[in-house]
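Okay, structure first, notes after.
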Amino acid sequence: MPKHAGISISRAVNLFKTNFGQSIMSYAIEVRLAVACERIRFSEMSLDYVAKSCGFNSYTYFHRQFRMHFGLSPRQYREEQQKRSKLRMEQ
């Protein structure tokens, strides 16, 4: 991409961080985690499969990033979402 834009990789990285307030890598992790949340919430996929399908090569790394980001493990998140869904259905 930077070659097409006529700028160096380091300049592109710096521009991204300046404009979005985070590194490209942290942004990519946020996007992957957002997709993982949707898949956990709306599918029956195993958590390991969710991690792999969202670009995490290691479930351990996915678990750690998820917990750091949301304060819950992926399993706890799924259980919370299931409880909320059940409560909505009962109302």
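The values are calculated or read from the model by the stated rules, or taken from the named source; none is laboratory data. What you see is a predicted model, and the numbers here were worked out from it, not measured in a lab. Glycine gets a Cβ as well: all are built from the backbone with ideal geometry, and neighbour counts include every protein chain shown. Keep in mind that these areas ignore ligands, DNA and RNA; they rest on the heavy atoms of the full protein, side chains included. Shrake-Rupley method; radii C 1.70, N 1.55, O 1.52, S 1.80 Å.
So here's what we get for this one:
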read-out	value
Criterion violated by Ala12 - all others in (1) modelled with pLDDT under 95; (2) surrounded by 14 or more Cβ atoms within 10 Å (Cβ to Cβ); (3) under 20 Å from the mean Cα position of the chain (by Cα) satisfied	(3)
Cross-chain or 6+ apart pairs with Cβ under 7 Å, region 24-35 first and within 18 Å of Arg75 (Cα to Cα), then open to solvent by less than 60 Å² (accessible area, probe 1.4 Å) and not in a helix (DSSP H, G or I)	Arg32/Cys54; Arg32/Gly55; Arg32/Phe56; Val35/Cys54
Checklist (1) assigned to a helix (DSSP H, G or I); (2) over 29 Å from Gln81 (Cα atoms) applied to Glu38, failing item	(2)
Of residues in region 16-35 being over 30 Å from Gln82 (Cα atoms) and among the aromatic types (Phe, Trp, Tyr), the one least open to solvent (accessible area, probe 1.4 Å)	Phe16
